[in-house]
1. State whether the residues of the range 8-24 include one that is modelled with pLDDT of 90 or more and surrounded by 14 or more Cβ atoms within 10 Å (Cβ to Cβ).
2. Hey, among 80, 90, 44, which residue is under 30 Å from residue 134 (Cα atoms) and at pLDDT 90 or above?
3. Please verify whether the range 58-65 includes one or more residues that are surrounded by fewer than 15 Cβ atoms within 10 Å (Cβ to Cβ), within 16 Å of the chain's Cα centre (by Cα), more than 19 Å from residue 34 (Cα to Cα) and modelled with pLDDT of 95 or more.
4. Looking at the range 62-80, can you tell me whether even one residue there is touching a helix residue (DSSP H, G or I) at 6+ places or on another chain (Cβ under 6 Å) and more than 22 Å from residue 24 (Cβ to Cβ)?
5. Is there a residue being surrounded by fewer than 11 Cβ atoms within 10 Å (Cβ to Cβ), more than 17 Å from the chain's Cα centre (by Cα) and farther than 19 Å from residue 35 by Cβ anywhere in the range 88-105?
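The values are calculated or read from the model by the stated rules, or taken from the named source; none is laboratory data. Bear in mind the structure is a predicted one, so any value in this text is a computation, not a measurement. All Cβ positions, glycine included, derive from the backbone under ideal geometry; neighbour counts span all protein chains shown.
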């Protein structure tokens, strides 16, 4: 019994290490893209239209949605781009602050997956905004 548990522990630990290693370059690349900062800026611009007492819940849901999006984006990059290319792009960014456009293994499929992911993000954020925004501001947005 102890051998089985020990073996299971080793296998699970090894798998965790492999998953952590495979996405580290992708995590760095996506962080370099500044997605979270850009979307957080948009969130901050919307806070004026949300009652103060609702802002903590709005912020929590918005941030969780963004975090989920980023995790999914990292996974897509990790699965669709060679790690050596991601690593080289990160090195270039570190040296020049210029983001290198990655070339996925299958650009058409990758673009479809990214578009689907972006559509899900847009819908999720719209739902959160409608849930928390003051009705008067919602009417103004609908008119635009």
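1. Step one: list which residues in the range 8-24 are modelled with pLDDT of 90 or more, which gives 24.
Restricting the remaining residues to those that are surrounded by 14 or more Cβ atoms within 10 Å (Cβ to Cβ) gives 24.
Checked against the condition, which is being modelled with pLDDT of 90 or more and surrounded by 14 or more Cβ atoms within 10 Å (Cβ to Cβ), the range 8-24 yields at least one hit.
2. Values: 80 fails: under 30 Å from residue 134 (Cα atoms); 90 fails: under 30 Å from residue 134 (Cα atoms).
It is 44.
3. Taking the range 58-65 first, the residues surrounded by fewer than 15 Cβ atoms within 10 Å (Cβ to Cβ) are 60, 63-64.
If we keep only those that are within 16 Å of the chain's Cα centre (by Cα) as well, we get 60, 63-64.
Imposing the further condition that a residue be more than 19 Å from residue 34 (Cα to Cα) reduces the set to 60.
Now drop any that are not modelled with pLDDT of 95 or more, which leaves 60.
Yes: one or more hits.
4. yes
5. yes
Yes/no per residue for (1) out of contact with any helix residue (DSSP H, G or I) (no Cβ under 7 Å at 6 or more places or on another chain); (2) modelled with pLDDT of 95 or more:
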position	(1), (2)
100	no, no
105	no, no
108	yes, yes
112	yes, yes
115	yes, yes
120	yes, yes
124	no, yes
131	yes, no
137	no, no
